[in-house]
Structure formats: structure tokens, C-alpha cells
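No value in this document is a laboratory result; all are computed from the given coordinates. Computed from a predicted model, the values in this text were never measured in an experiment. Glycine also receives a Cβ, built like all others from the backbone with ideal geometry; neighbour counts cover every protein chain displayed.
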Amino acid sequence: MMKIQSAEFVTGAVTPKQYPKTFLPEVAFAGRSNVGKSSLLNSILNRKKLVKTSATPGKTQEINFFEINRRWMFTDLPGYGFARAPANVRRKWQGMIEQYLTGREPLRLVVLLVDIRRDPTELDLQMQEWLEHWNIPYLLVATKADKLKQAERARQLKKIKSAFDPEGRREVIAFSCQVNLGRKELWAHIRNALAEDLEPEKTA
Ligand SMILES: Nc1nc2c(ncn2[C@@H]2O[C@H](COP(=O)(O)OP(=O)(O)O)[C@@H](O)[C@H]2O)c(=O)[nH]1
Ligand SMILES: [Mg+2]
């Protein structure tokens, strides 16, 4: 497990100009509003309230940057698919996400979250399509796994897997911040994505 010595909110940004100028390697977290993104971040960082969780979906409309152990960044991307969002809000969201995903040089991995109780939506699949199209490494995580019993959980995981990847080559990690499920696997993937950048500096 990764030891978290420090986890600090750096800034919220809408345009690339507002992104932090640090060039630490970065892992982004994406998914629809209310999927459990903030809870997952707090959970894997062992912080209670670093990332605000909210009962009102769709409130965060900025990309939030967090610096971890002074060595890498996590970004909390604004959630998508909240109910009744007007077209101009959706367009703004799309522009912000596209700029980030295509232009953020230190981005190493996107963790795409879906609720284990729901089948992936059009928007989830579109996000996956963008990631594939732009060749961005990504990892699928099914959140709130504690909400389903074992058998149902396995069934839903299968369904989610086949929706994202009919050929079944991709894994989907079942995660819960309530029962401490999936942390180890998730960290293993994150660590792996950061590995090259986190190698101890070689002396010239
Ligand atoms: N049972 C359960 N509830 C969760 C879990 N993760 C998040 N939630 C709940 O789902 C709601 C939305 O969580 P939040 O982290 O704010 O979602 P976000 O909008 O994606 O950032 C909150 O009421 C959380 O308490 C989980 O692993 N298990
Ligand atoms: Mg959130």
C-alpha cells in the first residue's frame, strides 16, 4: 500500500492557463456526478475531508488538483451526466474535459468510475471512446461495491465489463470506501502508471 505523507489541495482550474505549473506526473479521476469520486479519493488518501463530497450532484465544475507526497498529482474532474444540465453547461464541461485530456502533458492515467449498481451510460461509453481515441491509458473502477451482495456484485461486474469491452480483455476493479474493497488493486495500477516518473533520480 502506498504511504501518504502529504495530500494537499493545490488549485481549481477551468482553463489550461489556470493549471498548476508543476510537472509532476498526474492521475485523473473521472465519472458521472455522484458516482463516489470524491469519496474514493478521500478513502485512498486516508483523508476524511480533503476532497469535498456532496449531496448535490454536479456542483463541482472545476478541475481540482491535489499534490500527493510532493511527488505526483491527482485531479478530480468535474462529474458528468447530472440531471437537467442545460446545453451550454454541457458544452462548457465538454470543452474543459477535452482541453485537459488532450493538452495536459503530465497526465499518465485516467481512472474512470462507474456505479456498480448501474449499467454504463452513453456518457460513460463516450468518455471511454475519447480516452481510446486520444490514446490515454485508463482504468475502470466500479464504485459502491458494498451496496450489492456477492452474487449480484459479480453479475454487475460482468455486465459492466462487457459494456465497456465486449472482448473481455479489460478488468474492472470493484471498489468500496465503506468496506475497504479494491484499494490495493487500485493503488497497484496507480503506482504502475507513475512508476517511470517516480524512479529515484539518477546522478549524472
Ligand atoms: N455505500 C457507499 N456509498 C458511497 C461510496 N462512495 C460514495 N458513496 C456515497 O455516494 C454519494 C456521492 O459520493 P461523492 O463522493 O460525493 O460522489 P462524487 O459526486 O462522484 O464526488 C455520497 O452520499 C457518498 O456517501 C461507497 O463506496 N459505498
Ligand atoms: Mg465530487
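Computed quantities for the displayed model
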| item | result |
| --- | --- |
| Local electrostatic count, Phe29, Cβ distance below 11 Å [Lys/Arg +1, Asp/Glu -1] | -1 |
| Over 28 Å (Cα to Cα) - which of Lys52/Lys144; Lys48/Lys149; Lys92/Lys149; Lys3/Lys149; Lys3/Lys49; Lys21/Lys147 fall in this group | Lys92/Lys149; Lys3/Lys149; Lys21/Lys147 |
| Stretchable slack from Gln61 to Ala195, in nm (0.36 nm times residue separation minus alpha-carbon distance) | 45.2 nm |
| Likely footprinting exposure, Arg169, Arg104, fewest C-beta neighbours within 10 Å first | Arg169, Arg104 |
| Rounded to 5, the percent of DSSP beta bridges in segment 7-198 classed as antiparallel | 40 percent |
| Cα centroid separation - segment 167-187 against segment 112-162, whole Å | 10 Å |
| Ranking of Ser6, Ser162, Ser43 by count of other Cβ atoms within 10 Å, fewest first | Ser6, Ser162, Ser43 |
| 3J(HN,Hα) from dihedral phi, segment 153-167, Karplus parametrisation 6.51/-1.76/1.60, rounded to Hz, x for glycine, proline | 4, 4, 5, 5, 4, 4, 4, 5, 4, 6, 5, 7, 8, x, 7 |
| 5 angstrom amide H check on Arg32, placed H, neighbours 5+ away | Tyr80 |
| Formal net charge of residues neighbouring Leu45 (Cβ-Cβ distance under 12 Å; K, R +1; D, E -1) | +2 |
| Tyr138, Tyr100 arranged by Cβ crowding within 10 Å, fewest neighbours leading | Tyr138, Tyr100 |
